[in-house]
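Following: one structure in structure tokens, then a few remarks.
The values are calculated or read from the model by the stated rules, or taken from the named source; none is laboratory data. Everything numeric in this text was worked out from a predicted model, so none of it was measured. Note: ideal-geometry Cβ built from the backbone for every residue, glycine included; neighbour counts use all protein chains shown. The accessibility values were calculated without ligands, DNA or RNA, using every heavy atom of the protein model including side chains. Shrake-Rupley method; radii C 1.70, N 1.55, O 1.52, S 1.80 Å.
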Amino acid sequence: MDREEGPDASPEGAADLGEPQVSDPKDPEEPPMQKPPGSPLVLPHTLQELLSKDTVQVQLIPEKKGLFLKHVEYEVSSKRFRCSVYRRYNDFVVFHEMLLQKFPYRMVPGLPPKRMLGADREFIETRRRALKRFINLVARHPPFSEDVLLKFFLSFSGSDVQNKLRELVQGVGDEFMTCKFSMQAKEYLPTDIQIQFAASRELIRNIYNSFYKLRDRTERIASRAVDNASDLLLFGKELSALGSDTTPLPSWAALNHSAWSSLKQALKGLSVEFAMLADKAVQQGKQEENDVVEKLNLFLDLLQSYKDLCERHEKGVLHKHQRALHKYSLMKKQMMSATVQNKEPESVEQLESRIVEQENAILTMEQRNYFSLYCLHQETQLVHIYLPLTSHILGAFVNSQIQGHKEVSTFQAVCVCVCVSVHQLACLAGSCVPLACFPQAPEGLSVEGEDVGGHLL
């Protein structure tokens, strides 16, 4: 699990990633937030269009030893830009910082933590997967995908990457300063935007909490499949060792020589079945890790970035706006007091000048607040565009489980046939036990036949 933090209890808290063929869901109820087509507020993208923007691979390259520590590097390959570059974790950190600086009102996915000492293979692999999810979400985000920062990060192969990333942002200003709709954002917003924002935040918080639990359960199921495969393989090896035993039979057991030889042959055959089942269990576990767990992590990263954005909105621009209003109120009181007390004209003029400056600051904060809500509205749409991806993920999980159970059923049929054979051998040896001691054959399966589940008896 990449995130150590559990799901929130209250709103205060609110892979190889392929391109699945997912059609847009048809919701019978149109969301009240929707604006007429043509409005810059509405995102025109479908899930398929977002997924096809780019697919970025992040692979580990051999470690390089520094003076004191080993450095982990990654090969980052972009399908869109048709190139590969080498990046270190700190390059991702600076890229993330510049995205936040340039796009403070957008969903910027979080990065995995940095671990200074004792980074084992499991941690490094977990971080690699998290970096891959991060860069794919960024590469498919509409504003980010068209920005020079992303193109530079995915295509620049020169040195001093971190300083050059900072230079790209220096003096440019954030999205509020560069977007042509920033000053008119209020005109595009619905009148009940605050109510809708609160409702959307609550809904996405609930979705996050549920999928967080689903991811944990799926992760445990996939892990159990791999552990089960190890046990099955060891069980099969023991059967094989028993079937290959060459210890001579004592003279008093010579009468049962044929029974023991047949039994060993049956056990060796059964060990092969266990080995095959173990291999399939490993494949199922790995497939569920990649096709289900990892993509659920991607979806959770997206939802977490939305929750982070909501928190930035409340603690950032909204809080600054409220502080500016409070400061303005104090200045107005000082002005009234100075007028009543007939203070010197100079001090009154200075106070008037400060009030005008504060009014301008309030206007800017107000415009930023509306632009933040404008971006939040679009980011909410983006989350809902990604929602159909969950049906594809869960469908892959169901198919994997069905296939796994089919293979187990076939294996059980073979086990039944071997048990019946052992029973018949025991009867020939004069030590017959009731057949009820052995597993029951699946309904409709004839143990008398020559073929059960595709295996010759």
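For Thr390, indicate whether it is surrounded by fewer than 19 Cβ atoms within 10 Å (Cβ to Cβ) and at pLDDT 85 or above. Don't jump to the end; show me each part of the working.
Values: surrounded by fewer than 19 Cβ atoms within 10 Å (Cβ to Cβ): yes; at pLDDT 85 or above: yes.
Yes: the conditions hold for Thr390.
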(request) Determine whether the stretch 46-55 contains at least one residue that is at pLDDT 50 or above, outside any loop (DSSP other than H, G, I, E, B) and touching a strand residue (DSSP E or B) at 6+ places or on another chain (Cβ under 8 Å). (result) no
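State yes or no: is Leu150 among the aliphatic types (A, V, I, L, M) and modelled with pLDDT of 95 or more?
yes
Could we say that Leu100 is aliphatic (A, V, I, L, M), more than 17 Å from Ser159 (Cα to Cα), modelled with pLDDT under 95 and within 21 Å of the chain's Cα centre (by Cα) here? Reasoning before the result, please.
On the way: aliphatic (A, V, I, L, M): yes; more than 17 Å from Ser159 (Cα to Cα): yes; modelled with pLDDT under 95: yes; within 21 Å of the chain's Cα centre (by Cα): yes.
Considered against the rule, which asks whether it is aliphatic (A, V, I, L, M), more than 17 Å from Ser159 (Cα to Cα), modelled with pLDDT under 95 and within 21 Å of the chain's Cα centre (by Cα), Leu100 comes out as yes.
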(request) State the number of residues belonging to the stretch 110-140 that are open to solvent by 10 Å² or more (accessible area, probe 1.4 Å), assigned to a loop (DSSP other than H, G, I, E, B) and either of a type outside the set (Asp, Glu) or touching a helix residue (DSSP H, G or I) at 6+ places or on another chain (Cβ under 7 Å) (or both). (result) 10
(request) May I ask you to list pairs of residues, at least six apart or on different chains, whose Cβ atoms are under 7 Å apart, with the first in the stretch 173-200 being closer than 26 Å to Leu303 by Cα and the second being in a helix (DSSP H, G or I) and β-branched (Val, Ile, Thr)? (result) Ser200/Thr380
(request) For residues that are within 30 Å of Asn228 (Cβ to Cβ) and at pLDDT 80 or above, tally how many sit in the stretch 239-262. (result) 7
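Could you say which residue among Leu100, Leu149, Leu131 is closer than 18 Å to Leu298 by Cβ and not small (Gly, Ala, Ser)? Can you show your working first?
Numbers: Leu100 fails: closer than 18 Å to Leu298 by Cβ; Leu149 fails: closer than 18 Å to Leu298 by Cβ.
Selected residue: Leu131, the only one of Leu100, Leu149, Leu131 that is closer than 18 Å to Leu298 by Cβ and not small (Gly, Ala, Ser).
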(request) Would you check if Gln287 is at pLDDT below 90, surrounded by fewer than 15 Cβ atoms within 10 Å (Cβ to Cβ) and under 36 Å from the mean Cα position of the chain (by Cα)? (result) no
(request) Could you tell me whether Tyr188 is touching a Pro at 6+ places or on another chain (Cβ under 9 Å), surrounded by fewer than 19 Cβ atoms within 10 Å (Cβ to Cβ) and not small (Gly, Ala, Ser)? (result) yes
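Considering the stretch 75-93 alone, what residues qualify as being in a helix (DSSP H, G or I) and crowded, with 17+ Cβ neighbours inside 10 Å?
Step one: filter the stretch 75-93 for residues in a helix (DSSP H, G or I), giving 89-93.
Once the filter is applied, which keeps residues that are in a helix (DSSP H, G or I) and crowded, with 17+ Cβ neighbours inside 10 Å, the stretch 75-93 yields Tyr89, Asp91, Phe92.
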(request) Just one of (1) over 27 Å from the mean Cα position of the chain (by Cα); (2) surrounded by 14 or more Cβ atoms within 10 Å (Cβ to Cβ) trips up Ile204, so point out which. (result) (1)
